[in-house]
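In what follows, a structure is listed as structure tokens, so that the remarks can point back to it.
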Amino acid sequence: QVQLVESGGGLVQPGGSLQLSCAASGSIRSDYTMAWYRQGPGKLRELVAQITSGMITFYTDSVKGRFTISRDNAKNTVYLQMNSLKPEDTAVYFCRANHGLAGYWGQGTQVTVSS
């Protein structure tokens, strides 16, 4: 089993920045692919960014150039640096760990972008 705990969410003004963290524990290994998803009000959950064990990254188009995903395998932690935040980035952000058919979710952290 893998446990994921997100932190770093909060209320921020448009144009501001936040860094989310996802701390993994349990049977996590460095060969897991880690990802951030988000689910906005009345919307489906969507993939925001992903980083493989080989540090290959993927970003959905709406966050390219603004968000950066990174991981520290020594700390079993994945980060999402979010800059130039927009109101449409408001959502609950979830961390996910994938390896083969196994997948684990965190409980989510709320990000609200509003003036």
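The values are calculated or read from the model by the stated rules, or taken from the named source; none is laboratory data. Source: prediction; values computed, not measured. Ideal geometry is used to build each Cβ from the backbone, glycine not excepted, and the neighbour counts take in all protein chains shown. Calculation scope for accessible area: heavy atoms of the full protein, side chains included, ligands and nucleic acids excluded. Shrake-Rupley method; radii C 1.70, N 1.55, O 1.52, S 1.80 Å.
Would segment 55-111 count as rounded, prolate or oblate if I go by the C-alpha gyration tensor, calling it rounded below 1.5 in a/c and otherwise prolate when a/b exceeds b/c, oblate otherwise? Verdict is prolate for segment 55-111. Rolling a 1.4 Å probe over the protein heavy atoms gives the chain an accessible area of 51 Å² per residue.
Sequence-distant contacts, meaning Cα pairs under 8 Å at least 6 residues apart, place the relative contact order of the chain at 37 percent.
Considering only DSSP states other than H, G, I, E and B, which trypsin sites (Lys or Arg not before Pro) in segment 43-112 qualify as loop sites with at most 14 other Cβ atoms within 10 Å? Provide the component values of the computation, followed by the final result.
Details: sites: LYS43, ARG45, LYS64, ARG66, ARG71, LYS75, ARG96; in loops: LYS43, ARG45, LYS64, ARG66.
Answer in residue order: LYS43, LYS64.
With the gyration tensor restricted to C-alpha atoms of segment 1-63, the semi-axes of the equivalent ellipsoid amount to 23, 15, 13 Å, longest first. Cross-link partners of LYS43 among lysines, defined as those whose alpha carbon lies under 21 angstrom from its own and excluding same-chain residues fewer than eight positions apart: LYS64, LYS86. Solvent-accessible area of the chain (1.4 angstrom probe, protein heavy atoms only): carbon and sulfur portion equals 50 percent. Size estimate for the chain follows the Kirkwood approach: the inverse of mean 1/r over distinct Cα pairs works out to 14.0 Å.
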